[in-house]
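The values are calculated or read from the model by the stated rules, or taken from the named source; none is laboratory data. The structure presented is a predicted model; accordingly, all values stated were derived computationally and were not measured. Cβ atoms come from the backbone with ideal geometry, glycine included; neighbour counts cover every protein chain shown. These area figures cover heavy atoms from the full protein model, side chains too; ligands, DNA and RNA do not enter into them. Shrake-Rupley method; radii C 1.70, N 1.55, O 1.52, S 1.80 Å.
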Amino acid sequence: MRIYDVDISVPMFLGTAQYPSPAILQQAIRVSGCEVVTVSLRRETADGTGAGFWDMLRATDARILPNTAGCHTMQEAVTTAQMARELFATDWIKLEVIGHADNLQPDVFALIEAARILAADGFKVFPYMTDDLIVGEKLLEAGCEVLMPWGCAHRVGSGVARTGCPASNAGAFHGDSPDCRCRDRTAL
Amino acid sequence: MHIIVNAIAHDISTETLDAALAELGFTNPAIATALNGQFVPASARDATELNTGDRLEVLAPMQGG
């Protein structure tokens, strides 16, 4: 699978949340063979709790996909993406703009606006979106080459299983393979 | 000077972002900063002056996603 300008041999991304210990997370990355792991940014405390986690991740050689989890506005998401680019030295960003605090449904209006700003600034945007074909088209027009529909059945561990999720359907974007590759773009 | 750091009120005696981070104890190099909602790159912290009422965000890598 080619994602933006990177060839990925294991088409699975691994989250880093809720592991019992850093050692088990490290082991999970190694055993799974995943080449991409997702990470967050959170408010730092003066005692520097984030440093150890980052040192551990760097030791795995995994490609980092930072996210903008917890952002509820376009401006928050754009600023957090800029902070992540500096901190992780990557232009990849999983763009999340939360519209509903309880079920984490994306605010697709703010999402599209943020995606347009970030893509123009050189980011490789992975938008966390609803399963809406028009939203998908707008995100592609904004410069995204990857779509990440929420709650689709093929996303392991997703909170909401939505079979028939149209934006993840390969046919929706003229795709031709089970991994939802669409045109030269990818829905994850 | 009274500023808000990660949503918590602080009184600081320093006047630049770089100095304020040191005064507040943010010694971890793996941090990123934003002032009043705008990203401030590490290279610009020593030239960024603070004002009373400023909102400073200091973020670091965390598990998630």
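Here are some notes:
- Criterion (in contact with an Asp or Glu (Cβ under 7 Å, 6 or more places away or on another chain) and at pLDDT 95 or above) met by exactly one of A:LYS124, A:LYS94: A:LYS124
- Residues of region A:98-115 classified as more than 16 Å from the chain's Cα centre (by Cα) and more than 11 Å from A:HIS72 (Cβ to Cβ), total: 4
- Every residue from region A:46-73 that is assigned to a helix (DSSP H, G or I) and more than 15 Å from B:GLU57 (Cα to Cα): A:ALA51, A:GLY52, A:PHE53, A:TRP54, A:ASP55, A:MET56, A:LEU57, A:ARG58
- Scanning region A:47-63 for residues that are on the phi > 0 side of the Ramachandran plot and at pLDDT 85 or above yields a single hit, A:ASP61.
- Considering A:GLY48, A:GLY70, the condition of being over 29 Å from A:ASP107 (Cα atoms) and either open to solvent by 10 Å² or more (accessible area, probe 1.4 Å) or at the interface with chain B (Cβ under 9 Å from one of its Cβ atoms) (or both) is satisfied by A:GLY48 alone.
- Any hit, region A:19-27, residues being part of a loop (DSSP other than H, G, I, E, B) and modelled with pLDDT of 90 or more: yes
- Subset tally (residues that are away from every other protein chain (no Cβ under 12 Å), part of a loop (DSSP other than H, G, I, E, B) and exposed (fewer than 14 other Cβ atoms within 10 Å of the Cβ)) for region B:1-46: 2
- Among the residues making up region B:47-65, those that are loosely packed, with under 15 Cβ neighbours inside 10 Å and out of contact with any Asp or Glu (no Cβ under 7 Å at 6 or more places or on another chain) are B:ALA47, B:ASN51, B:THR52, B:GLY53, B:ARG55.
- Neighbours by Cβ (under 8 Å, 6+ apart or cross-chain): first from region A:16-36, closer than 19 Å to A:ALA69 by Cβ; second of a type in the set (D, E, K, R) and modelled with pLDDT of 90 or more: A:VAL36/A:ARG63
- Where a residue in region A:101-124 is more than 16 Å from A:GLU145 (Cα to Cα) and its partner, wherever it lies, is part of a helix (DSSP H, G or I), with Cβ under 7 Å and at least six apart: A:VAL108/A:VAL135; A:ALA110/A:MET74
- Test: residue in region A:37-45 that is part of a helix (DSSP H, G or I), β-branched (Val, Ile, Thr) and surrounded by 18 or more Cβ atoms within 10 Å (Cβ to Cβ): no
- Single match in A:ALA115, A:ALA81, A:ALA101, A:ALA59 (criterion: open to solvent by less than 20 Å² (accessible area, probe 1.4 Å) and out of contact with any Gly (no Cβ under 9 Å at 6 or more places or on another chain)): A:ALA81
- Filter result (assigned to a loop (DSSP other than H, G, I, E, B) and touching a strand residue (DSSP E or B) at 6+ places or on another chain (Cβ under 7 Å)) within region A:97-142: A:VAL97, A:GLY99, A:LEU104, A:ASP107, A:PHE123, A:THR130, A:ASP131
- Here is the figure for region A:1-20: residues that are of a type in the set (Ser, Thr, Tyr) and more than 11 Å from chain B (Cβ to nearest Cβ) total 2.
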